[in-house]
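Below: the structure, in structure tokens.
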Amino acid sequence: MTGPLILGIESSCDETGVGIVRGHELLANEVASSVDEHVRYGGVVPEIASRAHLEALVPTLERACATADIDLSQLDGIAVTAGPGLMGALVVGLAGAKALAYALDKPLYAVNHLAGHVAVDLLEHGPLPAPCVALLVSGGHTSLLMIQDVADDISELGSTVDDAAGEAYDKVARVLGLPYPGGPHIDRAATGDPGFVTFPRGLTGQRDLREHRFDFSFSGLKTSVARWVESAHRDGEEVPVADVAASFQEAVCDVLSAKAVDACLATGAHDLLIGGGVAANRRLRVLLTERCQQHGIALRTPPPALCTDNGAMIAVLGSEIVSRGRRPSDGDVAASSSLPVSTILL
Ligand code: KG4
Ligand code: ZN
């Protein structure tokens, strides 16, 4: 395998990720998560995440270099997440990357986290066909993207107008008495009847489809599940967790898969790529596989370990950017918590 040797640093939320790639070949992907420190708060606490990144960055970097069996002096470039994400968390990774780039005299690439979620599939399935639609679903983002070139041309077709899909999973899990983060717990608990309760499918009505065809809304669904559970409690009934979890999950996965397939049909894309923590969901994968098959769309699903936040996704995006000969970032580049997906490189 050939290609540039790139280090990738990710610190936008609660995972400190350091990855090393050569071209499309994965050499190391070390992740230190602070998720356990957030469990008792039921969600990510930004200040705790920032401090955890500070403690984890150097040991994670050392582990990645040892796994890849490389010395930092061999690198062709350093890529780092510049946004979107939690400001304090982003600043830690970016400051670390800048220090390394300066000390080693290597080019620095401050890149977009969402583009990294798309690029990671290159490690598994090789070059992306163009155009390609990507469905990114995680605790922090839910969007449909149009990918012409992962290193140079990404546009947003739609995104959530309120909660992210993973956020809805986490909040509903809490209502059902399941631990944080709720996605994997609901995935496992949802063994009941998905038609037990017909929960609302956000932004799928006639008028919504005209104005928000590729947008999502999960806040009404979350409230609807909470009301259902409250009402059962009031009536002294036991909540059938397996049925309610399955019904909630069906509402989320139905909307995600229907809109993703619609986006492919509307744009003429023959390929759909999924990414983000919720992309690990088993029901979502089944529904998408069925619906993509019906419409002749090829579904690209990276392994779950690469769907969640990691440094390899940033490294491979950096590798694509370097291969295109794009200019490195300035040494004084700043993090941007709301970086739009169309800005792939700062
Ligand atoms: O991509 P990720 O690791 O971090 C963010 O950028 O947010 O995604 C974490 C989210 C959490 O909300 C978690 O509950 C959800 O992904 N998640 C899942 C599953 N595994 C993780 N949601 C549904 N089903 C799963 N199997
Ligand atoms: Zn992410």
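The values are calculated or read from the model by the stated rules, or taken from the named source; none is laboratory data. Note that the structure is predicted; figures quoted are calculated from it, not measured. Every residue, glycine as well, gets a Cβ built from its backbone with ideal geometry; the counts of neighbours run over all protein chains shown. Calculation scope for accessible area: heavy atoms of the full protein, side chains included, ligands and nucleic acids excluded. Shrake-Rupley method; radii C 1.70, N 1.55, O 1.52, S 1.80 Å.
Just to be sure, is S337 of a type outside the set (A, V, I, L, M), touching a helix residue (DSSP H, G or I) at 6+ places or on another chain (Cβ under 6 Å), surrounded by fewer than 17 Cβ atoms within 10 Å (Cβ to Cβ) and touching a residue at least 24 places away in the same chain (Cβ under 8 Å)?
For S337, the condition - of a type outside the set (A, V, I, L, M), touching a helix residue (DSSP H, G or I) at 6+ places or on another chain (Cβ under 6 Å), surrounded by fewer than 17 Cβ atoms within 10 Å (Cβ to Cβ) and touching a residue at least 24 places away in the same chain (Cβ under 8 Å) - is met.
Before we move on, is L203 aliphatic (A, V, I, L, M), on the phi > 0 side of the Ramachandran plot and assigned to a loop (DSSP other than H, G, I, E, B)?
yes
All but one of (1) of a type in the set (A, V, I, L, M, F, W, C); (2) more than 12 Å from ligand 1 (Cβ to nearest atom); (3) surrounded by 20 or more Cβ atoms within 10 Å (Cβ to Cβ) hold for V197; state the number of the condition that does not hold.
Of (1) of a type in the set (A, V, I, L, M, F, W, C); (2) more than 12 Å from ligand 1 (Cβ to nearest atom); (3) surrounded by 20 or more Cβ atoms within 10 Å (Cβ to Cβ), only one is false for V197: (3).
Provide a single number: the residues in the range 70-87 that are touching a residue at least 40 places away in the same chain (Cβ under 8 Å) and open to solvent by 20 Å² or more (accessible area, probe 1.4 Å).
Number of matching residues: 8.
I'd like to verify a number: residues in the range 252-288 that are more than 16 Å from ligand 2 (Cβ to nearest atom), β-branched (V, I, T), more than 20 Å from K171 (Cβ to Cβ) and open to solvent by less than 40 Å² (accessible area, probe 1.4 Å), how many?
Qualifying residue count for the region: 1.
Does A263 count as farther than 30 Å from P107 by Cα, touching a Ser or Thr at 6+ places or on another chain (Cβ under 9 Å) and touching a residue at least 12 places away in the same chain (Cβ under 8 Å)?
no
Within the range 120-143, track down each residue that is of a type in the set (A, V, I, L, M), out of contact with any His (no Cβ under 8 Å at 6 or more places or on another chain) and within 16 Å of ligand 1 (Cβ to nearest atom).
V120, L135, V137
Please return the ranges of helices (runs of 4 or more DSSP H) entirely within the range 1-117 where 3 or more residues are touching a helix residue (DSSP H, G or I) at 6+ places or on another chain (Cβ under 8 Å).
46-68, 87-104
May I ask you to list pairs of residues, at least six apart or on different chains, whose Cβ atoms are under 8 Å apart, with the first in the range 149-173 being open to solvent by 10 Å² or more (accessible area, probe 1.4 Å) and the second being of a type in the set (F, W, Y) and in a strand (DSSP E or B)?
The qualifying pairs are S159/F216; T160/F216; V161/F216.
Got a number for residues in the range 106-119 being more than 14 Å from ligand 1 (Cβ to nearest atom) and in contact (Cβ under 8 Å) with a residue 40 or more places away in the chain?
Adding up the residues that qualify gives 6.
Please enumerate the residues belonging to the range 123-139 that are touching a helix residue (DSSP H, G or I) at 6+ places or on another chain (Cβ under 9 Å) and surrounded by fewer than 22 Cβ atoms within 10 Å (Cβ to Cβ).
The answer is E124, L128, P131.
So is E320 out of contact with any strand residue (DSSP E or B) (no Cβ under 7 Å at 6 or more places or on another chain), farther than 21 Å from R22 by Cα and away from ligand 1 (no atom under 16 Å from the Cβ) or not?
No: the conditions fail for E320.
For T223, state whether it is at pLDDT 95 or above, surrounded by fewer than 18 Cβ atoms within 10 Å (Cβ to Cβ), of a type outside the set (G, A, S) and more than 17 Å from A164 (Cβ to Cβ).
Considered against the rule, which asks whether it is at pLDDT 95 or above, surrounded by fewer than 18 Cβ atoms within 10 Å (Cβ to Cβ), of a type outside the set (G, A, S) and more than 17 Å from A164 (Cβ to Cβ), T223 comes out as no.
Being open to solvent by 20 Å² or more (accessible area, probe 1.4 Å) and either within 16 Å of ligand 2 (Cβ to nearest atom) or of a type outside the set (A, V, I, L, M) (or both) is the filter here, so list the residues in the range 97-112 that pass it.
K98, Y102, D105, K106, P107
Tell me, which residue of the range 123-181 that is among the acidic types (D, E) and not in a loop (DSSP other than H, G, I, E, B) is farthest from F216 (Cα to Cα)?
This residue is E124.
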